[in-house]
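Below is one structure; the comments refer to it alone.
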Amino acid sequence: MEKELIAGTDDAGRRLDRILRRALPGLPLSSIHRLLRKGRVTVDGVPGKGAVRIAPGSRIQVRGEAPPAKYPGVRPPKHPGESAAGSSPGLCILREGNGLLFVNKPAGLAVHRPDRRGDIPCLDDQVRSYLRDKQSPSLSFRPGPLHRLDQVSSGLIVFSTSLAGARAFSVLMRERRLGKTYLALADGCIEKEEIWEDVLFRDTTGRKTLAVSGENRIRAKPARTRIFPLAVYAPYSLVALEIETGRTHQIRSQAAVHGHPLAGDRKYGGSFQSNGLLLHAFSLSFPVDGFPPELGELCGKTVSAPVPEPFLRRIREIFGKDLWPPEIPGQRRENQGSEG
């Protein structure tokens, strides 16, 4: 095997061994370390160590024995998004720039795995296919979603298009400085603002998130959600929800725990709705103070995802045509503009 790799901008500062793991997906890690130990990997003509940091434009040469037959992946893998079906149904892109891509995901489309029928690429594959000819080559960076959104939910999800954008966004996520607002139709009447605070445990066997107490708290994590009623007409409430933590199925689980399962969410005891679960990731608000320069003009901005027509139609059926658009508390933030 002989291979030459050229480091791109998004490879800057990354370890050589990690770049090789991404660039040579068919080689097991043990083989990569063996090549490094034997001096068969050079960086700009000098034998490279696994921990060395790579600069953009560096020429990495790999020379060694051919990989075992069961690891054929050293040839370039099929590009994400090139499924048997060929094309994707199209992306609803809300904003692109500063190393981030904002997408409005339709309900029912999986972020990671393809449609069970195999004829619709997952959202991750569609995004990579869209970005294929728009990005500078990189050995180690791959675009990907920066947070979760359930397959049954619709709305805003953010993908990275550069390493700098991914890192800056992840810092804001980790420090809980992003305002995330959802819209949902809930069973029952919620007539005043509430704060739901629970300790949640993820049951991987049953694929459900449950509230726990006492000795069961060991593997559980705290969850906090603020609820703002927008309209009430028994037996339903239209609510805006601001999540301050990001647990799997957090809103769905907490809504059920507090006696207001989401309409259409049969998994958590919600009422039947012909269109299924009505939960939409509506907006993402960026802070003003201490803002990372990599994200530029996103400072203080709110990016919103239009509500899908089936959701709007059901809301109008219940609450009347004059309701929309309501004033959403999650967007009443000082010194902020909006997009989307």
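Annotations
- Look at (1) crowded, with 18+ Cβ neighbours inside 10 Å; (2) in contact with a Phe, Trp or Tyr (Cβ under 6 Å, 6 or more places away or on another chain); (3) touching a residue at least 24 places away in the same chain (Cβ under 8 Å) and you find that residue 238 fails only one, number (2).
- Taking (1) surrounded by fewer than 19 Cβ atoms within 10 Å (Cβ to Cβ); (2) over 27 Å from residue 135 (Cα atoms); (3) out of contact with any Asp or Glu (no Cβ under 8 Å at 6 or more places or on another chain) in turn, residue 148 satisfies each apart from (2).
- Failed item in (1) surrounded by fewer than 13 Cβ atoms within 10 Å (Cβ to Cβ); (2) at pLDDT below 90; (3) part of a helix (DSSP H, G or I), with residue 317 passing the rest: (2)
- Hey, residue 140 surrounded by fewer than 19 Cβ atoms within 10 Å (Cβ to Cβ), touching a helix residue (DSSP H, G or I) at 6+ places or on another chain (Cβ under 6 Å) and either in a loop (DSSP other than H, G, I, E, B) or of a type in the set (D, E, K, R) (or both) or not: no
Okay, residues lined up against (1) under 29 Å from residue 233 (Cα atoms); (2) without any contact (Cβ under 8 Å) to a residue 40 or more places away in the chain; (3) within 18 Å of the chain's Cα centre (by Cα):
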{"site": "282", "(1), (2), (3)": "yes, no, yes"}
{"site": "294", "(1), (2), (3)": "no, no, no"}
{"site": "299", "(1), (2), (3)": "no, yes, no"}
{"site": "313", "(1), (2), (3)": "yes, yes, no"}
{"site": "321", "(1), (2), (3)": "yes, yes, no"}
{"site": "325", "(1), (2), (3)": "yes, yes, no"}
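- A search for C-beta distances below 8 Å between a residue of the range 12-34 that is over 10 Å from residue 140 (Cα atoms) and any residue that is assigned to a helix (DSSP H, G or I) and acidic (Asp, Glu), counting only pairs 6+ apart in sequence or on different chains, returns 32/17; 33/17.
- Members of the range 22-68 found to be surrounded by 15 or more Cβ atoms within 10 Å (Cβ to Cβ) and either among the hydrophobic types (A, V, I, L, M, F, W, C) or in the same structural domain as residue 144 (by TED's automatic domain parsing) (or both), listed by number: 23, 24, 27, 32, 35, 36, 41, 43, 52, 54, 60, 62
- Some residue of the range 108-115 being at negative phi, crowded, with 18+ Cβ neighbours inside 10 Å and of a type in the set (Val, Ile, Thr): yes
- Screening residue 161 on (1) among the β-branched types (Val, Ile, Thr); (2) within 22 Å of residue 328 (Cβ to Cβ); (3) out of contact with any Ser or Thr (no Cβ under 7 Å at 6 or more places or on another chain); (4) surrounded by 21 or more Cβ atoms within 10 Å (Cβ to Cβ) shows it passes everything except condition (2).
- Considering the range 221-305, the qualifying strands (runs of 3 or more DSSP E), each wholly inside and each with 2 or more residues that are of a type in the set (A, V, I, L, M, F, W, C), run over 221-233, 236-243, 279-285.
- Any chance residue 248 is polar (S, T, N, Q), over 22 Å from residue 302 (Cα atoms), at pLDDT below 95 and touching a strand residue (DSSP E or B) at 6+ places or on another chain (Cβ under 9 Å): yes
- Here residue 225 meets the list (1) surrounded by fewer than 20 Cβ atoms within 10 Å (Cβ to Cβ); (2) under 24 Å from residue 307 (Cα atoms) almost entirely, failing just condition (1).
- Within the range 190-203, residues that are farther than 13 Å from residue 242 by Cβ reach partners that are part of a loop (DSSP other than H, G, I, E, B) and at pLDDT below 95 with beta carbons closer than 7 Å, at six or more positions or on different chains, in the pairs 199/212; 199/213; 199/220; 200/220; 200/247; 201/212; 201/220; 202/248.
The values are calculated or read from the model by the stated rules, or taken from the named source; none is laboratory data. What you see is a predicted model; the values in this text were computed from it and never measured. No Cβ is skipped: glycine too gets one built from the backbone with ideal geometry, and neighbour counts run over all protein chains shown.
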